[in-house]
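Have a look at the structure below before the remarks.
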Amino acid sequence: MQFLNKFAPQAHWLLRIAIAAVFIFHGISKFGQLNQLAEMMQMPVAMITMLAVVETMAGLLVLVGGVISYWVTRL
């Protein structure tokens, strides 16, 4: 098991990529059906659009946080 220790500094990328993929996929998929989601959730279209943008940006920030700094991830 000692040979796995050399991969420890990069282990956080497994979680980052998985979480970012989920956020980005679900965020982008909302853009194609804004009106239907707004009707289903009984919310304004502007709020659903904001939700899609924030969800997509959160996934991107999780990835960027691994490269730049941890403050981006915490944001």
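The values are calculated or read from the model by the stated rules, or taken from the named source; none is laboratory data. Keep in mind the model is a prediction, meaning the values are calculated, not measured. Cβ: placed from backbone, ideal geometry, glycine included. Neighbour counts: every protein chain shown. When the accessible area is computed, the model is the full protein with side chains, heavy atoms only, and any ligands, DNA or RNA have been set aside. Shrake-Rupley method; radii C 1.70, N 1.55, O 1.52, S 1.80 Å.
Structure data summary
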read-out	value
Qualifying position, being more than 15 Å from the chain's Cα centre (by Cα) and of a type in the set (A, V, I, L, M, F, W, C), among 28, 48	48
Residue identified as under 18 Å from residue 64 (Cα atoms) and touching a residue at least 40 places away in the same chain (Cβ under 8 Å) among 28, 19, 24	19
Matching helices (runs of 4 or more DSSP H) fully within the chain where at least 1 residues are open to solvent by less than 50 Å² (accessible area, probe 1.4 Å), of a type in the set (D, E, K, R) and on the phi < 0 side of the Ramachandran plot	12-31, 45-67
